[in-house]
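Working notes for the structure below.
The values are calculated or read from the model by the stated rules, or taken from the named source; none is laboratory data. This one's a predicted model, so the numbers in the text were calculated from it and none came from an experiment. Positions of Cβ are generated from backbone atoms using ideal geometry, with glycine treated the same way; all protein chains shown enter the neighbour counts.
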Amino acid sequence: MKDKLIRAMTDAGAFRVLAVNATEAAQTAQEAHGLAAAETIALSRLLSGCLLIRSTIHPNDRLQVTMNHNGSVGDLSVDAWPNGMVRGRVLNGAQKDPGRPPVGDVGVVEVGRSRAGMRGVHQSATLMITGTIQDEFQLYLLESEQIASAIVLHSELGESGEVAWAGGALVQLLPEAEPDDLKKIVPRLEELLANLKKTSDGLTPEDLVERVLPKDLPYTLVAEEEFQFRCNCDETRVLSALATLPKQEVEDILERKEVLELACGYCSRIYNVHPEKLRSLLETN
């Protein structure tokens, strides 16, 4: 089953509902970075949430979400692009306290939005208070976007440790709705999460929307997006990063005649930079 995200709107205009299956992207992230179980589950949920929220903003916007926290897994970062590319990573894992819960309840959610052709990045931050990724997203949407929302995120591993399923659903109140209308949906989301914890095998985004919305709220599917875990790193970008090193540091590396081995933080692809490439940087500068 290919990864997919769908958007639906209730016919009365009260709710916007998004649902995503991000299993393949989560599995690729796990394999690329060699993640442990707790890291995989946390990154999978952040990845699903980031995809859902990116689909609610301008279609040309890129969304970057980072959770810096006091849990036992590393800080989490996901980068979702409008062209269907999504990538993510776990940072500073070795510096964390293994005795803590995987995602801590003290930290900051940092969100950056940018668009090709426009200057700068629109940044916002909210304090973490629960250590539950879906709750932290919900708080961000309320505080930074002023949108009443309810979100469910889930991921689970198979018997051999691979990602068996990853995804979630997001419901947002539209201006035509009354604030109390969300109360009709929240119990259904809670029930959905409880059922996902029992079994989520084979669930599609369409299945999630059907489970979230009661039968007396007819809806229409309005959009569908496909995406995959991939990266836009290349040798040119690696050399551009090296070009920022002080000239003396580059000269020291050349004297040692070292072949630099550099790994992309987002996809773990290895780049071997030979001395002649470094020498060209000095000549350019």
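Computed quantities for the displayed model
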read-out: Every residue from region 93-112 that is surrounded by fewer than 16 Cβ atoms within 10 Å (Cβ to Cβ) and assigned to a loop (DSSP other than H, G, I, E, B); value: 97, 98, 99, 101, 106
read-out: Residue list for region 142-184, restricted to those being surrounded by 22 or more Cβ atoms within 10 Å (Cβ to Cβ) and part of a helix (DSSP H, G or I); value: none
read-out: Unmet criterion (only one of (1) under 24 Å from the mean Cα position of the chain (by Cα); (2) surrounded by 12 or more Cβ atoms within 10 Å (Cβ to Cβ)) for residue 277; value: (1)
read-out: Residue identified as in a strand (DSSP E or B), in contact (Cβ under 8 Å) with a residue 24 or more places away in the chain and either buried (at least 22 other Cβ atoms within 10 Å of the Cβ) or not assigned by TED's automatic domain parsing to the domain that holds residue 220 (or both) among 18, 52, 46, 35; value: 18
read-out: Residue within region 266-274 that is assigned by TED's automatic domain parsing to the domain that holds residue 85, in contact with a Lys or Arg (Cβ under 9 Å, 6 or more places away or on another chain) and within 30 Å of residue 150 (Cα to Cα) present; value: no
read-out: Some residue of region 199-206 being over 20 Å from residue 10 (Cβ atoms), charged (D, E, K, R) and at pLDDT 95 or above; value: no
read-out: Sole exception among (1) in contact with a helix residue (DSSP H, G or I) (Cβ under 8 Å, 6 or more places away or on another chain); (2) assigned to a loop (DSSP other than H, G, I, E, B) for residue 90, by number; value: (2)
read-out: Residue match in region 254-274 (condition: loosely packed, with under 12 Cβ neighbours inside 10 Å, of a type in the set (D, E, K, R) and under 34 Å from the mean Cα position of the chain (by Cα)); value: yes
read-out: Among (1) touching a Gly at 6+ places or on another chain (Cβ under 6 Å); (2) part of a strand (DSSP E or B) - the single one residue 125 does not satisfy; value: (1)
read-out: Where a residue in region 146-174 is without any contact (Cβ under 8 Å) to a residue 12 or more places away in the chain and over 22 Å from residue 206 (Cα atoms) and its partner, wherever it lies, is part of a strand (DSSP E or B) and of a type in the set (Gly, Ala, Ser), with Cβ under 6 Å and at least six apart; value: 158/164
